[in-house]
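Down below is the structure, laid out as structure tokens.
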Amino acid sequence: MGKVIGIDLGTTNSCVAVIEGGEPLVIPNDEGARTTPSVVAFPRDGDRVVGAIARRQAVTNAQRTIHAAKRLIGRRFTDDEVSRTRSMVSYSVCEAPNGDAWIDIGGAEHSPQQISAMVLDRMKSIAEAYLGEKVTEAVITVPAYFNDAQRAATRDAGRIAGLEVLRIINEPTAAALAYGLGKTGHERVAVFDLGGGTFDISVLEIDNGVFEVRSTNGDTFLGGEDFDSVIVEHLLGQFRNETGIDLHGDPVALQRIREAAEKAKHELSSITETEIHLPFLAVTAQGPQHLMAGLSRVQLEQLVAPLVERLVAPCQAALRDARIKAKDLHAVLLVGGMTRMPRIQQKVAEIFGMQPERGINPDEVVAVGAAIQASVLKGEVKDVLLLDVTPLSLGIETAGGMFEPIISRNTTIPCRKSKVFTTALDNQDMVRVHILQGEREMSEDNKSLGILEMHGLPPAPRGLPEIEVTFELDSNGILHVHAKDKGTGRQQSTRIVSNSGLSGDAIEQMIVEAEAHRARDRERRAVAEERNQLDGLIYATRRSLEEFVDSVSPGDAMNIRQAIHQAEEVLDSQNGDAIGRARERLALAAQRLSEGIYANARSESAALGGGSYTPPDMSIEDDLVDDGV
């Protein structure tokens, strides 16, 4: 049975973990880093790149480098959050035929699910390289306040990446799993999760391996990207005041300022002042213009004060929903890179009246929790029971376009709830149950999940029929809706399958494209390995020829030099077969050099000993074994 991995698909960085020998392990990437930037780039002269290499070329390829795609996943183009994202990123966001927000890269449109799938595929490859086996199953985390469409879109991203997503788990819940695994006794904890794009707060009860989520709240558009954006606007304003130049329309300059802003934010978590120097940011008739600015921690905290204040209301709401007070908590866990900011830690202490727990790594704990949940689902980790909640209310549309909740938010899942409704018109022979998700009073302001129709009601005055609507929500978040006419016993049911905005055919096509890209990646890797082997052989052969040129005839020396030259000509080729043939030719030519070297050695040995050369009667390996080495 193959390993199941846990993936924290983050807005800024992603992380992958696995359970090895009963212990969670964060898997480093091939650069040795334990997290990987959630960045995908499309260079004009090559295939896409993912991770740190994509992030490093962002300045020179700003409009084709995609970051924070998680903020668009499962969202409509008309959403306010999409408008805000468009103003913060250097790439183009467009409206897809189905009305979703997609990304335009040089005329080629990509869904956020595809971009996220590329990041997930990178995490999958990191795990496969470490484990030495194919990985096909995963548990993926999402912000606790993601709605049904966003969760479905994340699941589809996993499918496109070639992963069977066993469970979508809330990020704060995953963090609590990692924190509470193996602990005995009872604890009540709040998980404060402020990442690159979202903010979540969850209150959980941990009791001898039972993890029960009491409440969850948050903001799906509040995170490190917003803090960076505030600094960027501050620097743009300062540059405009000093030079009269507005850089909002310059994507390259914006990307340079964005990277400098993020770097300054990180530095101000450990020092009180930093300097920002960006030479040649623009050119005018007076010459090149540079940005030189100082930023202190006090200034930064003043700039982001409105964002910090937005953290308060969700925390208070989560405590109210859990029916506890802050003093009833045993610990507050910090999750997400933004919680390293001193002002955030101070605010947490102010909200909850206690210092937050510092014994967990905020960048890795979510992936670790996902790996634990993966092992629970596979039966590898015992004595752990997770009782999660639904983050948003589920209900139906009633007369007048009102939204009537049936399953309220923060209800523990799985669950089953029913309500009785009646008809709005005389002699109504059909009821139409419009199923919705959200917290707004009016139906049009909430997310539509589907429609169930029941036909064949007997004629009756309005208000007389009794229609019982039952919602069943299972542990995977799949909603089953049943409608029953209590008078006739007639029933109708439907299964609400999460819809991410992509059709089944579109998803299958994206899976095919992703597999084709993986095949190209394997081919490129094979070519790169051939090239590295050839490069090493060229280096070794040239060194040996320079040192032992007297051991071969002039003709053989010329043949070796010619083989080296031919090998160097194809070294930069993308043709793996040509590189392989050049390596074989060079290897054959280099053998003549080796034969000459050892022939000379035999001659010299015979001359010194006065006898013939006798080869050893055992291998070096045998000799080492016999000597007990």
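The values are calculated or read from the model by the stated rules, or taken from the named source; none is laboratory data. All values derive from a computational prediction rather than experimental measurement. Positions of Cβ are backbone-derived with ideal geometry, glycine not excepted, and every protein chain shown enters the neighbour counts. For the accessible areas, the whole protein counts, side chains as well, though only heavy atoms, and no ligand, DNA or RNA atoms are used. Shrake-Rupley method; radii C 1.70, N 1.55, O 1.52, S 1.80 Å.
Values for this structure:
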item	result
Residue ID - farthest from Gly2 (Cα to Cα), chosen from residues in region 339-378 that are part of a loop (DSSP other than H, G, I, E, B) and among the aliphatic types (A, V, I, L, M)	Met354
Answer residue from region 180-202, given it is more than 21 Å from the chain's Cα centre (by Cα) and open to solvent by 10 Å² or more (accessible area, probe 1.4 Å) and is nearest to Val139 (Cα to Cα) among those	Leu181
Count of residues meeting criterion [part of a helix (DSSP H, G or I) and crowded, with 22+ Cβ neighbours inside 10 Å] in region 13-57	1
Those residues of region 210-240 which are within 25 Å of the chain's Cα centre (by Cα), in a helix (DSSP H, G or I) and not hydrophobic (A, V, I, L, M, F, W, C), in sequence order	Gly224, Glu225, Asp226, Asp228, Ser229
Qualifying position, being open to solvent by 40 Å² or more (accessible area, probe 1.4 Å) and out of contact with any helix residue (DSSP H, G or I) (no Cβ under 6 Å at 6 or more places or on another chain), among Asp80, Asp100	Asp80
The one condition in (1) modelled with pLDDT under 85; (2) among the hydroxyl-bearing types (Ser, Thr, Tyr); (3) assigned to a loop (DSSP other than H, G, I, E, B); (4) open to solvent by 40 Å² or more (accessible area, probe 1.4 Å) that Thr488 fails to fulfil	(1)
Subset of region 423-446 (residues that are surrounded by fewer than 17 Cβ atoms within 10 Å (Cβ to Cβ) and under 30 Å from Pro391 (Cβ atoms))	Arg432, Glu439, Arg440, Glu441, Met442, Glu444, Asp445
Answer from Leu464, Leu394, Leu449, Leu386 - the residue that is farther than 23 Å from Thr220 by Cβ and out of contact with any Ser or Thr (no Cβ under 6 Å at 6 or more places or on another chain)	Leu464
Residue that is least open to solvent (accessible area, probe 1.4 Å) [pool: residues in region 346-368 that are modelled with pLDDT of 95 or more and small (Gly, Ala, Ser)]	Ala367
Subset tally (residues that are of a type outside the set (Ser, Thr, Tyr) and open to solvent by 30 Å² or more (accessible area, probe 1.4 Å)) for region 111-139	8
Every residue from region 241-265 that is surrounded by fewer than 16 Cβ atoms within 10 Å (Cβ to Cβ) and within 24 Å of the chain's Cα centre (by Cα)	Lys263
Region 379-403, residues that are part of a loop (DSSP other than H, G, I, E, B) and either modelled with pLDDT of 85 or more or in contact with a Lys or Arg (Cβ under 7 Å, 6 or more places away or on another chain) (or both)	Gly379, Glu380, Val384, Asp388, Thr390, Pro391, Leu392, Ser393, Gly401
Qualifying positions in region 424-460 - over 42 Å from the mean Cα position of the chain (by Cα) and of a type in the set (Gly, Ala, Ser)	Ala424, Gly456, Ala460
Candidate set from region 112-151 (those that are in contact with an Asp or Glu (Cβ under 7 Å, 6 or more places away or on another chain) and not hydrophobic (A, V, I, L, M, F, W, C)); member that is nearest to Gly218 (Cα to Cα)	Tyr145
All positions within region 377-404 that are at positive phi and open to solvent by less than 40 Å² (accessible area, probe 1.4 Å)	Gly379, Gly401
In region 302-345, the residues that are open to solvent by 50 Å² or more (accessible area, probe 1.4 Å) and under 30 Å from the mean Cα position of the chain (by Cα)	Leu303, Pro306, Glu309, Arg310, Ala313, Gln316, Arg340
Hey, Ala157 small (Gly, Ala, Ser), under 16 Å from the mean Cα position of the chain (by Cα), under 19 Å from Lys447 (Cα atoms) and at pLDDT below 95 or not	no
Selected residue [among the basic types (Lys, Arg), touching a residue at least 24 places away in the same chain (Cβ under 8 Å) and under 18 Å from Leu334 (Cβ atoms)] from Arg188, Arg214, Arg151	Arg188
